[in-house]
Amino acid sequence: MTSPEFTRPEMSPLRLREVTLPNRVWMSPMAQYAAGQDGKPNDWHLVHYGARAVGAVGLIMVEASAVGPLHRTTTADLGIWNEDQAAVHRRLTSFIRERGTVPGIQLQAAGRKGSHQLPWVGAGQNGSVRAAGGGWQTFGPSPIPFGDLATPREADHADIDEVVAAFAHAARMADLAGYQVVEIQASHGYLLHQFLSPLSNRRTDEYGGSPQNRMRLALQVARAVRDAFPADNPVSVRITATDWIEGGLTIDDSVLFAKELAVVGIDLLDITSGLVVRDQEARPPIRAGVHVEFAAILKNATGLAVTAVGQIDDVSLIGELVANGQLDAAMMGRPLLRDPYFALRQRPADKEAWPDQYQRAL
Ligand SMILES: Cc1cc2nc3c(=O)[nH]c(=O)nc-3n(C[C@H](O)[C@H](O)[C@H](O)COP(=O)(O)O)c2cc1C
């Protein structure tokens, strides 16, 4: 007999292209800074993601994984730029898939936020690692630094072409690795967001100035990734709804961008905000479900499936948001760091979701 839990909206499946996500409670990408210089996942990643798969979330979006060595944020980032890495990622994807969870991976280029220290070392994300210390020269749309980090050089057209090609290649590697969903990181102040936002992009060529020009690189990447990833599998883009500061991106800019992403054939928008400048005032306010209203606006404007992240720590709230059509699913971050079984524990009656091995705990 079907458990009543399965009639709850947050527990209903969602189909995107040919992939069925078993429920609407998803794990947000969260960098672990636990890989070696080779960018390959290791035991930490298997145990960390494996535990959340046992925790029965519908989708695990594996952390921001660099599309090339010079696109990392730190020397401990995961990478998805070669076949050796893809082969090791397979350990993660096969375990996640065995548990009935869908594995996805976020593809990332750091731009001016690259080459920083590990968050728990020295100045952390505020401290650049220079070339002499094993770091590298970063580039961005314009030679404007993020906070105290090193000043990036201005990307030339060869850099821009390389970024597009690297994302497309990474999408092919993600498929080889067994990921069923890829997400393009176009938020949180990383390279694509740096091009989108007038706060970090002061270019005067066709990649700067008007909204169309600032969107150009992100749309080229979206098109290249969509073409490179199998037609049966969904592509998500994590976008910033607002920069929260005068002169930055607003929800109107994001609507324009989202409509273009729909034309490209993107399947899912993952809504977040902020972090393109260091200013504390430009951070998302402390408010439950802070991005949900933006997600609903973007869903209405595009007809695309949407998910939102940020301060959602109640599985039944996700059900309400799905039932009233504001979200198609919700991403959870820190609650799942605190407890890998967070989503499962909120469904004690949902016996079928609990592993056979744990049934005697119920
Ligand atoms: C340790 C940590 C690492 C993160 N790494 C990423 C990342 O790789 N990519 C990304 O888009 N967001 C990253 N984020 C942001 C989260 O995905 C999420 O947007 C944020 O934590 C807000 O959601 P929450 O309130 O559910 O935690 C990270 C957050 C944390 C706490």
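The conditions are (1) within 30 Å of Leu46 (Cβ to Cβ); (2) under 20 Å from the mean Cα position of the chain (by Cα); (3) of a type in the set (A, V, I, L, M, F, W, C), and Trp354 fails exactly one of them. Which is it?
So the condition that Trp354 fails would be (2).
Right, Glu260: out of contact with any Cys (no Cβ under 7 Å at 6 or more places or on another chain) and either closer than 23 Å to Asp328 by Cβ or free of Cβ contacts under 8 Å to residues at least 12 places away in the same chain (or both) or not?
Yes; evaluated as a whole, the condition is true for this residue.
State whether one or more residues within region 231-251 are more than 21 Å from Ala109 (Cβ to Cβ) and of a type in the set (D, E, K, R).
Yes: region 231-251 contains one or more residues that are more than 21 Å from Ala109 (Cβ to Cβ) and of a type in the set (D, E, K, R).
Which members of region 307-358 meet the condition of being among the hydroxyl-bearing types (Ser, Thr, Tyr) and in a strand (DSSP E or B)?
Across region 307-358, the qualifying residue is only Thr307.
Considering region 224-236 alone, what residues qualify as being surrounded by 19 or more Cβ atoms within 10 Å (Cβ to Cβ) and touching a helix residue (DSSP H, G or I) at 6+ places or on another chain (Cβ under 9 Å)?
Ala224, Val225, Arg226, Ala228, Phe229, Asn233, Val235
Of all residues in region 77-98, count the ones that are charged (D, E, K, R) and without any contact (Cβ under 8 Å) to a residue 60 or more places away in the chain.
So the answer is 4.
How many residues does region 152-162 hold that are more than 15 Å from Gly208 (Cβ to Cβ) and surrounded by 15 or more Cβ atoms within 10 Å (Cβ to Cβ)?
Within region 152-162, residues that are more than 15 Å from Gly208 (Cβ to Cβ) and surrounded by 15 or more Cβ atoms within 10 Å (Cβ to Cβ) number 1.
Asn201 is checked against (1) of a type outside the set (Ser, Thr, Tyr); (2) touching a strand residue (DSSP E or B) at 6+ places or on another chain (Cβ under 9 Å); (3) outside any loop (DSSP other than H, G, I, E, B) and fails just one. What number does that condition carry?
For Asn201, the failing item is (3).
When you look at Pro9, is it at pLDDT 95 or above and of a type outside the set (Gly, Ala, Ser), yes or no?
Here the answer is no, as Pro9 does not meet what is asked.
Any chance region 117-126 includes a residue that's of a type in the set (Gly, Ala, Ser), more than 21 Å from Ala166 (Cα to Cα) and within 13 Å of the ligand (Cβ to nearest atom)? Write out each step before concluding.
First, the residues of region 117-126 that are of a type in the set (Gly, Ala, Ser): 122-124.
Still in the list and also more than 21 Å from Ala166 (Cα to Cα): 122-124.
Okay, now just the ones that are also within 13 Å of the ligand (Cβ to nearest atom), so 124.
Checked against the condition, which is being of a type in the set (Gly, Ala, Ser), more than 21 Å from Ala166 (Cα to Cα) and within 13 Å of the ligand (Cβ to nearest atom), region 117-126 yields at least one hit.
Listed here are the residues, each with its yes/no results for (1) crowded, with 16+ Cβ neighbours inside 10 Å; (2) at pLDDT 95 or above; (3) among the aliphatic types (A, V, I, L, M).
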{"site": "Glu5", "(1), (2), (3)": "yes, no, no"}
{"site": "Leu14", "(1), (2), (3)": "yes, yes, yes"}
{"site": "Val19", "(1), (2), (3)": "yes, yes, yes"}
{"site": "Gln32", "(1), (2), (3)": "yes, yes, no"}
{"site": "Lys40", "(1), (2), (3)": "yes, yes, no"}
{"site": "Ala51", "(1), (2), (3)": "no, yes, yes"}
{"site": "Ser65", "(1), (2), (3)": "yes, yes, no"}
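Please go through (1) on the phi > 0 side of the Ramachandran plot; (2) surrounded by fewer than 17 Cβ atoms within 10 Å (Cβ to Cβ) for Gly274 and return the number of the only condition it doesn't satisfy.
(2)
Which of (1) crowded, with 18+ Cβ neighbours inside 10 Å; (2) at negative phi is the odd one out, the single condition Arg90 does not satisfy?
Among (1) crowded, with 18+ Cβ neighbours inside 10 Å; (2) at negative phi, Arg90 violates only (1).
Select from region 245-280 the residues that are of a type in the set (Gly, Ala, Ser) and within 16 Å of Ala296 (Cβ to Cβ) and list them in ascending order.
The answer is Ser254, Ala258, Ala262, Ser273.
Give all pairs with beta carbons closer than 7 Å in which a residue from region 167-193 that is farther than 19 Å from Val309 by Cβ and in contact (Cβ under 8 Å) with a residue 24 or more places away in the chain meets a residue that is of a type in the set (Gly, Ala, Ser) and assigned to a loop (DSSP other than H, G, I, E, B); count only pairs at least 6 apart in sequence or on separate chains.
Pairs that qualify, where the first residue is farther than 19 Å from Val309 by Cβ and in contact (Cβ under 8 Å) with a residue 24 or more places away in the chain and the partner is of a type in the set (Gly, Ala, Ser) and assigned to a loop (DSSP other than H, G, I, E, B), are Leu191/Ala109; Leu191/Ala110.
Do you know which residues across region 297-328 are under 20 Å from Ser187 (Cβ atoms), away from the ligand (no atom under 13 Å from the Cβ) and touching a residue at least 60 places away in the same chain (Cβ under 8 Å)?
Ala305, Leu327, Asp328
Among the residues of region 237-252, how many are surrounded by fewer than 21 Cβ atoms within 10 Å (Cβ to Cβ) and either part of a helix (DSSP H, G or I) or basic (Lys, Arg) (or both)?
Of the residues in that region, 2 qualify.
What do you reckon, is Ala353 farther than 29 Å from Glu246 by Cα, in contact (Cβ under 8 Å) with a residue 40 or more places away in the chain, within 16 Å of the ligand (Cβ to nearest atom) and among the small types (Gly, Ala, Ser)?
no
The values are calculated or read from the model by the stated rules, or taken from the named source; none is laboratory data. Keep in mind it's a predicted model, so treat the numbers as computed, not measured. For neighbour counting, all protein chains shown are included, and Cβ atoms are generated from backbone atoms with ideal geometry for every residue, glycine included.
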